[in-house]
1. Where does each of 527-537, 66-76, 571-581 land if you order them by average Cβ count within 10 Å, highest first?
2. Let me make sure I get this right: for the range 523-573, a, b and c are the square roots of the gyration tensor eigenvalues over alpha carbons, sorted descending. Under 1.5 in a/c it's rounded, otherwise prolate if a/b > b/c, else oblate. Which is it?
3. I'd like to compare 669-680, 53-64: which one has the highest average count of other Cβ atoms within 10 Å, and what's the full order after that?
4. If you take the beta carbon distance between Ala113 and Leu450 as r and set R0 to 22 Å, what does 1/(1 + (r/R0)^6) give as a FRET efficiency, to the nearest 0.05?
5. When the accessible area of the range 540-643 is split by element with a 1.4 Å probe, what percent falls to carbon and sulfur?
6. Taking θ = phi - 60°, what integer Hz values does the Karplus form 6.51 cos²θ - 1.76 cosθ + 1.60 yield along the range 362-373, in sequence order, with x for Gly and Pro?
7. How large is ³J(HN,Hα), in whole Hz, for each residue of the range 199-216 in order, when computed from phi with the Karplus curve 6.51 cos²θ - 1.76 cosθ + 1.60 and θ = phi - 60°, using x for Gly and Pro?
8. Roll a 1.4 Å probe over the protein chains and send me the accessible area per residue for the range 440-507 in Å².
Amino acid sequence: MFDRNQPAAAGDAYHATASVPDAYHVGYPRGRDPGSDYYVRPAGLDMVGLFFRVLQYRWLVLGLLAAGILLAALFTLMQTPRYQALAKLEVLVPSARVFEDLELTSESSDIRAFQTAREKLKSRALAERVVFALNLTEREDFLFPRAGVSPLNIFYRAFSTEPPKTQSTLPQDALMRIATARVMSNLKVDLVPNTSLLAIDYRDQNPDYARDIANQIAQSFIDQRIDQSSKTSVQARDFIQEQVALVKERLQESEQALVAYAKTAGITVTGNEGSLLDTNLADINAALSKAIQENLDFERLVKQIDAGQGESLEQVLGSAALDKLRNMLVDLKGDYQSKRLLFKPDFPEMRQLASQIQETERQLGRGILAITDSIRLKHQETVAKVSDLQKKISELEGEKSAYQDKNIQYTILKREVDSNRAQYESLIGKLNDVAVGSELKTQNAAIVDLAVSPSRPYSPNLPINVAIGAIISLLLAASVIYLAELVNNAFSSSDQVEKELGLPVLGVLPLVTELELEQQLGNPQSALSETYRSLRTSLQFSGSDGAPATLLVTSSEPGEGKSTSVIKLAEDFASLGGRVLIIDADMRKPSIHRRFNEDNAIGLSNLLTNTLRRSDLSRLVRRGKSSNVFFISAGTVPQNPADLLSSARMGLIVSSLRKQFDMIIIDAPPVIGIADVPILSRLADATLFVVSTSKVSRKSVKMAVRRLSLAGANVVGVAMTMFTVGSFESNYRYGNQNYKYYTYSSSNKAIPEASSNSEVKNQDVDNWSVGLLVFRIREHFGNFVDRIKSIA
């Protein structure tokens, strides 16, 4: 009986340790969503991965780089040599003086002045002066130069010959346009930073032309500015003289008109009458304001007197004489009251005191009356004063109104006189400045460095062209690699699978040709058989109870080696002594029966639909090629495979078969596009997911694993199939592993590491046979088509 808890066989001990990842021995976290990133991805650019991508496409990169360098060298030979001449010109901005809007100003030495000079150097007018000065319209080699890039240049370089000269029959104006355009197109003017220098850069196929034209441009610029300055000086002087005569005549006329009006209106020329009237009016206004204030104060006192409160006035209370009388009255009254206790009112002394009290009261009343009468008198005086001041103000305002009527016309005439006098004085000053004509004729630019004849061409530059060609080639290679990787978004290593799926890789199965597949599977000592045994050992360690009793094997898309892996795993587990059953649950595209050379007339679909006859029960479970290996084919293709697999009958069948066999391996259809696999995954103890290397897109694989996770499947790991051994990346990541180490000689001994050159050569010839080459081409083309379909 097959025991799932038994350890691996002696021959599998090494391979179990070598092929199961350490992370899986420690154990992957439970409850995590498969398909998400298990490892923490490093931040930044993966330089190691980028290095291996370059190594992977090394021949493409080297080929494009060599082609780019070769084309750059060829392009250099095809280019016509060009020479560069440089002259430097200083713009003397601070000493330059120009007329602008009839105002003599100095140009500010800001960047605008240098930009203006730069644009003038590049102008068409200056280019035409250069053409006339050098008579370039008569130079055929200048008017019609050689092509900048031409294959004929290679011939001229090889034989040191010159191209034939062309004879022009064009009219003079056309030749002038051509020469001017050539001068302007080959000219470059730049401002030297932090200086007042302009660098005149001219380039031409002839070194003498480059030198002469650069120097002539600088000289023509100086001549042009001197001509413009002289012309401006003469025009400004003539214009100012005309304006001086006109303004002088207007000034005389305006002065005569002002004097005549002043005599007629009786106004002095100084015009001080207006100021005297204003002063008098201001003084009277101030006096009126003071009088009104006094009137208000006395009026308030009079009202207080009329109200019978005259005794409480400040003037009354502040009077010393009245204060003395009040004190005397108080003393007398006090003495009268004190003696009243002793004497009767008729007593003579008492009568005398009463008479004194009455006399004092009469004197006090007369004193208060005198003060109030004086206040009333002052109030009447202020009222009269206010009235007089108001009358005076009215008189002054009338006089001022009459003066203003006269002064309006006088002010107009005087303003015209002042304006004409100011214009006349300004124009006289400008005319004196214009007289200094020598200053305007001085040079406002100077040549610092004359251009010299260049000794060698600046173009073509072979190192620069080669560098540009290499950069373009590398950019093109990077673009091609990026597009290739964008299309080829499949998994190429186990590290990628574990990082992006979060599942351990239980086995990595090498790629073999269709011609060698049956031979490799049938030979227990082949590399493919040994890797399958390693996968079997990994499955034995996948759970605490050993290998799962029911194992579901599926993939994301068809053609990933799923059915082959099912049969080989069944044979490997059966070799340990247990009974293994294969169930072909891929009812849409069954293939297990073809692998065993059997028919598919009776199978799982017939059992689920209860269309199996009693006489056919013995043919339901059939024996495979190896002992202890049995299989149930898919049967007749039904119309509703998902409904059959989700029925309760399917669960009962699996439970019944588990009692009869030590292990059941279910060959499930692909996950993408159909609902069969999520249903079947609930019936299995574990699910093994098959991923083909460099074939199926990562998006499809992630989607399939995600779908299994949502269905509750126990995905124990991944088996990578069709792995290409010998690439730079696989050698680096897996310690230069060589699957041929797992092959054996006919005497069951390992192949020696050292062998003769002839054996290696014969082996290489066998590997690269015509059949293998055809298989590789077909395989890569098929993978490319599958990726395009997956992306679409």
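1. Details: 527-537: 23.6, 66-76: 15.9, 571-581: 20.4.
Those peptides, ordered most packed to least, come out 527-537, 571-581, 66-76.
2. Since a/c reaches 1.5 but b/c is at least a/b, the shape of the range 523-573 is classed as oblate.
3. Highest mean packing first, the order is 669-680, 53-64.
4. Computed FRET efficiency for Ala113 and Leu450 comes out at 0.40.
5. Whole-percent figure for carbon plus sulfur exposure: 46.
6. Values per residue, Gly and Pro as x: 5, 5, 5, x, 5, x, 5, 5, 5, 5, 5, 5 Hz.
7. Going residue by residue, I get 8, 9, 10, 10, 10, 7, 6, 9, x, 5, 4, 4, 5, 5, 5, 4, 5, 5 Hz, with x marking Gly and Pro.
8. Values: 3390 Å² over 68 residues.
Accessible area per residue: 50 Å².
The values are calculated or read from the model by the stated rules, or taken from the named source; none is laboratory data. Owing to the predicted nature of the structure, the values given are computational and were not obtained by experimental measurement. So basically every Cβ, Gly included, is an ideal-geometry build from the backbone, and we count neighbours across all protein chains shown. The area values use the complete protein model at the heavy-atom level, side chains included, leaving out ligands, DNA and RNA. Shrake-Rupley method; radii C 1.70, N 1.55, O 1.52, S 1.80 Å.
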